[in-house]
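All remarks here apply to the structure that follows.
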């Protein structure tokens, strides 16, 4: 059975894609872990290098660490979004069909065909499926299904890729 998705590759689509991508990464490669470690290092350097009463140093170090963590995560997601926003297909309608043979994607500016070996990993979320390979992400939201059901899409992805389920 063929499963067809039709969606607009707009800002909501790409923001969800970025969020889902980082959700499936191992903890040490997550944005929170990376910027949390950076925040601890920066706060530690501040504590070690500034001469002031300890209460003041700790308070300022906590503010610096929180700023590095939250601003760093926000800036990283924003910069990725800005890169994706520059794509020629931004805002365009796209159609992706999954079948036992692979994926066919078409939009206003391109068309592509991939066999399932091109996407060795997949992740099932409560609101869609992400197909992955090194350097390539394909986000297929359940809300964009026009032919098939989420259960059909999950079964097909599971039979052709190593599927992981995240809530």
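A residue that is out of contact with any helix residue (DSSP H, G or I) (no Cβ under 6 Å at 6 or more places or on another chain), in a loop (DSSP other than H, G, I, E, B) and under 30 Å from residue 159 (Cβ atoms) can be found somewhere in region 69-89.
Based on this model, can you work out whether residue 48 counts as modelled with pLDDT of 90 or more and farther than 25 Å from residue 130 by Cα? Against the criterion (modelled with pLDDT of 90 or more and farther than 25 Å from residue 130 by Cα), residue 48 does not qualify. How many residues does region 53-66 hold that are in contact with a helix residue (DSSP H, G or I) (Cβ under 8 Å, 6 or more places away or on another chain) and either without any contact (Cβ under 8 Å) to a residue 24 or more places away in the chain or under 30 Å from residue 163 (Cα atoms) (or both)? So the answer is 5.
Could you please let me know if residue 159 is over 20 Å from the mean Cα position of the chain (by Cα), without any contact (Cβ under 8 Å) to a residue 60 or more places away in the chain and in a strand (DSSP E or B)?
no
Looking at 94, 122, 117, 153, can you tell me which residue is in a helix (DSSP H, G or I) and touching a residue at least 40 places away in the same chain (Cβ under 8 Å)?
Selected residue: 153, the only one of 94, 122, 117, 153 that is in a helix (DSSP H, G or I) and touching a residue at least 40 places away in the same chain (Cβ under 8 Å).
How about region 78-91: which of its residues are touching a residue at least 60 places away in the same chain (Cβ under 8 Å) and surrounded by fewer than 16 Cβ atoms within 10 Å (Cβ to Cβ)? Those that are touching a residue at least 60 places away in the same chain (Cβ under 8 Å) and surrounded by fewer than 16 Cβ atoms within 10 Å (Cβ to Cβ): 81, 85, 87, 89, 90, 91. The set of residues in region 127-150 that are closer than 15 Å to residue 22 by Cα and part of a strand (DSSP E or B) comprises 128, 129, 130, 131, 132, 133, 136, 137, 138, 139. Among the residues making up region 6-29, those that are more than 15 Å from the chain's Cα centre (by Cα) and surrounded by 12 or more Cβ atoms within 10 Å (Cβ to Cβ) are 6, 7, 8.
Conditions (1) within 15 Å of the chain's Cα centre (by Cα); (2) within 22 Å of residue 16 (Cβ to Cβ); (3) not assigned by TED's automatic domain parsing to the domain that holds residue 158, marked per residue:
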site	(1), (2), (3)
31	yes, yes, yes
37	no, no, yes
56	no, no, yes
59	no, no, yes
64	no, no, yes
76	yes, yes, yes
99	no, no, no
121	yes, yes, no
125	yes, yes, no
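With the structure loaded, tell me whether residue 121 is at pLDDT 90 or above and either in contact with a strand residue (DSSP E or B) (Cβ under 7 Å, 6 or more places away or on another chain) or within 22 Å of residue 158 (Cα to Cα) (or both) or whether it fails that test. So residue 121 fits the description; yes.
One residue stands out among those in region 5-16 that are in a helix (DSSP H, G or I) and in contact with a helix residue (DSSP H, G or I) (Cβ under 8 Å, 6 or more places away or on another chain): the one that is nearest to residue 65 (Cα to Cα), which is 15.
The values are calculated or read from the model by the stated rules, or taken from the named source; none is laboratory data. Not measured: the values here are computed from a predicted model. Cβ atoms come from the backbone with ideal geometry, glycine included; neighbour counts cover every protein chain shown.
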